[in-house]
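Any read-out appearing in this document is the output of simple, stated calculations on the displayed coordinates, not a laboratory observation. Computed from a predicted structure; not experimentally measured. Positions of Cβ are generated from backbone atoms using ideal geometry, with glycine treated the same way; all protein chains shown enter the neighbour counts.
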């Protein structure tokens, strides 16, 4: 049985239930009960209460097969969103939020001490989001490096954008700004734009600076 951060579980041998708020090692997890007390327990000693809790923050819009006009086609707006679990602020969930009209072909890997782990691979349709990773908020200073690649795809007659390549460590200073409303996830969190346009180099300004 696969146990993930944020899952609601019940102890097999005791009348205790709560949310998984820490993955301690490959055999042990931390479960926070109704009294906000985190209890270490073997993963084999708990069971999912309602099966695997669905990712209710995955939103896929109903899109028709009608032809898309240039005015309707949205080309920019791909973000990595960080939000707190709705049941425990100690758990952080990472989503790719695709506000564009393109479909995204995404591969996400974590890197730590030269060890790599594939966390997510799949398609995120236009105007939708998908949770790709979860972590414990208190471990932010030792979170792995994120390596996210994404290709833009559309069946419509629009030129695909350059691929996204996001390789970065997120640290506490990256969360020093205020949270903002994330409409697609219906909550507040931090947003990091992945398809940010680079400013064109102004040669005249550069020459003037050297003069």
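Overview of results
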item	result
Over segment 8-48, relative contact order from alpha-carbon pairs under 8 Å, at least 6 apart, %	38
Simple spin-label estimate for residue 89 and residue 175 in nanometres, 7 Å along Cα-Cβ	1.1
For segment 78-193: relative contact order, % (alpha-carbon pairs under 8 angstrom, 6 or more apart)	27
Estimated inter-spin distance, residue 168 and residue 34, nm [label 7 Å along Cα→Cβ]	4.1
Stokes-Einstein D for segment 78-193, Kirkwood Rh over Cα pairs, 4 °C, 1.567 mPa s (µm²/s)	87
Kirkwood Rh in Å, taken over all unlike Cα pairs in segment 8-48	9.8
